[in-house]
Amino acid sequence: MIAITDSAFNPLSDGAQVHLHVTDADFGAFRSLSATMALAMPLAIADAERRASA
């Protein structure tokens, strides 16, 4: 399992084989998820390509 979190101390990272720490921009009450999405999209595409070739 890959955990994408904003903190190394997040409980999700305990059970993960890989922990990816992402710091998103914070605009007051709103958090931009563009850094998280920029990381998640290539992971999803790579997984889909791996499954298609298997």
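The values are calculated or read from the model by the stated rules, or taken from the named source; none is laboratory data. What you are looking at is a predicted structure, and each value in this text was computed from that prediction instead of being measured. Virtual Cβ from ideal backbone geometry, glycine too; neighbours counted across all protein chains shown.
Computed quantities for the displayed model
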item	result
Selected residue (only one of L20, L12 is in a helix (DSSP H, G or I) and at negative phi)	L12
Test for A40: is it touching a strand residue (DSSP E or B) at 6+ places or on another chain (Cβ under 9 Å), in a loop (DSSP other than H, G, I, E, B) and surrounded by 10 or more Cβ atoms within 10 Å (Cβ to Cβ)	no
All positions within region 3-23 that are under 18 Å from A44 (Cβ atoms) and surrounded by 14 or more Cβ atoms within 10 Å (Cβ to Cβ)	A3, I4, T5, A16, H19, L20, V22
Residue check, I45 among the β-branched types (V, I, T), surrounded by fewer than 12 Cβ atoms within 10 Å (Cβ to Cβ) and not in a loop (DSSP other than H, G, I, E, B)	yes
A52 vs. criteria assigned to a loop (DSSP other than H, G, I, E, B) and either modelled with pLDDT of 90 or more or touching a strand residue (DSSP E or B) at 6+ places or on another chain (Cβ under 8 Å) (or both)	no
Count - residues of region 21-54 that are among the small types (G, A, S), farther than 19 Å from S7 by Cβ and under 13 Å from the mean Cα position of the chain (by Cα)	1
